[in-house]
Amino acid sequence: MSTLHTTVWESCLTVIRDNISSQAFKVWFEPIVPTKLENNVLTIQVPSHFFYEWLEQHYIHLLKKVIKKEIGPDATLEYSIVIENNSNQSTPYTVKLPTQNTSNLQNPSQSVPLQATEPQIRNPFIIPGLKKVTIASNLIPSHTFENFVEGECNRLARASGYAVANKPGGTAFNPLLIYGGVGLGKTHLAHAIGLSIKDQHPNKTVLYVQSEKFAHQFIDAIKNQTTNDFIHFYQMVDVLIIDDVQFFAGKEKTQDVFFSIFNHLHQNGKQIVLTSDKAPVEMQGMEQRLLSRFKWGLSADLTIPDLETRIAILEKKMYASGIELPKEVVEYLAYSINTNVREIEGALNTLLMQSSLNRKAITLDLAKQMVDKFVKNTAREVSIEYIQKIVCDYFDLPIELLKSKTRKREVVQARQISMYFSKKMTKSSLANIGAHCGGKDHATVLHACRTVINLSETDKQFRVYLEDLEKKLTIN
């Protein structure tokens with residue numbers, strides 16, 4: 001039987017779910033447990049003090065609104081915070097709202113700078129015979145948070161990376177594992193975290209290293225019988241960033257030494273940041289004890305950027321390069337290249353180079369020629385999004401209206417035409433086409449295609465519409 005506090009909290013979650021992304025809701029609100037409701041005070045249990053701080057910093061205004069809406073204008077909120085060591089002897093303590101803004105909280109942990117107190121420990125990053133006093137972090141200066149375009153595809157990873165950068169080793173995100181496909185920004189985000197930590201905590205030793213380089217250093221250490229020095233060196237780092245950790249798969253000895261380093265750093269409150277092309281559950285050839293440690297903190301995924309993010313990436317790149325392109329060219333590139341960030345930037349660079357070398361103005365025709373060569377076969381298949389955009393521009397309709405449930409004649413006609421060209425010019429399934437057109441089923445898509453074909457045979461003006469649109473959509 002549902003109690004009052006549970007019912008009220010479920011009503012609150014219904015409103016919250018509609019106001020934030022699904023990823024944020026899953027991470028920050030699903031773990032919350034309502035415990036009681038007395039005298040207009042709702043008590044909720046959260047997993048850690050950091051969890052409480054994050055809610056205070058990012059969702060306090062939303063929480064206050066929904067609590068007052070469901071309970072009344074005098075409603076207040078209490079947090080029951082579970083002690084992070086999960087000891088049976090620990091009892092949760094309570095913090096009442098309203099509280100002070102927690103954005104001014106500082107990380108009290110002190111850095112332990114690497115000094116030449118143990119000269120016998122060899123630095124694997126230096127060439128034997130050459131003295132190196134400081135440790136280079138191997139970070140790329142341009143890969144900052146400011147140059148990282150945020151979108152729905154990367155919001156969770158960026159937010160968690162930003163939290164780690166502000167409080168390295170002091171959050172629940174340790175380790176922080178960022179995973180995703182090729183060219184989606186894993187390495188950029190890893191560098192951004194490291195750069196931000198160095199900027200805010202200059203005394204901390206931050207080290208970025210590719211997993212392949214780590215493995216080669218370990219092999220050299222075995223050959224030179226300096227394995228202990230190798231381990232001790234990495235154990236003295238404050239923030240360790242390992243890129244492409246999946247490279248350790250199948251390398252048992254490398255995994256063993258990394259396991260030892262990982263445990264030491266984690267137990268001493270040092271921050272670990274990892275990147276991978278797969279989630280921990282999908283990694284093959286990795287020891288279970290290592291995979292279990294990857295799951296201790298947070299695994300945040302990067303997905304293929306949506307249309308708005310792709311346009312923002314192109315505009316950011318153009319601004320940094322001091323150039324300006326026609327809006328139709330930018331939109332065409334964003335619609336046509338929807339694989340990853342690296343290909344989007346590469347396509348823009350190729351277009352600029354062709355324009356410069358051939359002394360041609362950057363036009364839509366030039367962009368179409370470049371995309372055809374740049375993406376080869378995949379360029380011949382336009383996306384559903386691009387088809388919808390061209391159709392809506394042609395009929396002067398907002399794309400949101402095409403995806404709505406309205407039955408206005410002109411909107412229905414545009415929707416059916418976009419379905420027709422999507423079936424004709426893409427390899428998408430009928431169900432996928434329907435999903436892009438307001439959640440229609442495959443039968444509706446088939447009916448739309450038959451309607452368009454019939455009208456093209458009987459209505460001369462309608463046939464002109466189709467011919468004009470096909471010319472705009474053809475990439476040649």
Taking the Cα atoms only, what angle lies between the long axis of helix 307-321 and the longest principal axis of the chain, rounded to 10 degrees? 70 degrees
Roughly how far apart, in whole Å, are the Cα centres of the stretch 219-250 and the stretch 139-199? 22 Å
Longest exposed-loop-site-free stretch of the chain, with trypsin sites (Lys or Arg not before Pro), DSSP loop and at most 10 other Cβ within 10 Å? 133-358
In degrees rounded to 10, the 0-90 angle between helix 4-17 Cα long axis and the longest Cα principal axis of the chain is 60 degrees
How about K403: which aspartates and glutamates have a C-alpha closer than 17 Å to its C-alpha, ignoring those fewer than 8 places off in the same chain? D306, E308, E385, D393, D441
Rounding to the nearest 10 and keeping the result within 0 to 90°, find how far the Cα-based axis of helix 327-336 lies from the longest principal axis of the chain. 70 degrees
Taking every DSSP bridge whose two residues both lie in the chain, the antiparallel percent to the nearest 5 is 25 percent
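Hey, which of these cross-link pairs are over 25 Å Cα-Cα: K427/K471; K167/K251; K26/K278; K64/K295; K295/K317; K368/K389?
Details: K427/K471 19 Å; K167/K251 32 Å; K26/K278 20 Å; K64/K295 32 Å; K295/K317 35 Å; K368/K389 16 Å.
Too far apart for the 25 Å limit: K167/K251; K64/K295; K295/K317.
Every number here is computed from the coordinates shown, using simple stated rules; none is lab data. Here the structure is a predicted model, which is why all the values come from computation and not from measurement. Methodologically, a virtual Cβ is constructed for each residue, glycine included, from the backbone with ideal geometry; neighbour enumeration extends over all protein chains shown.
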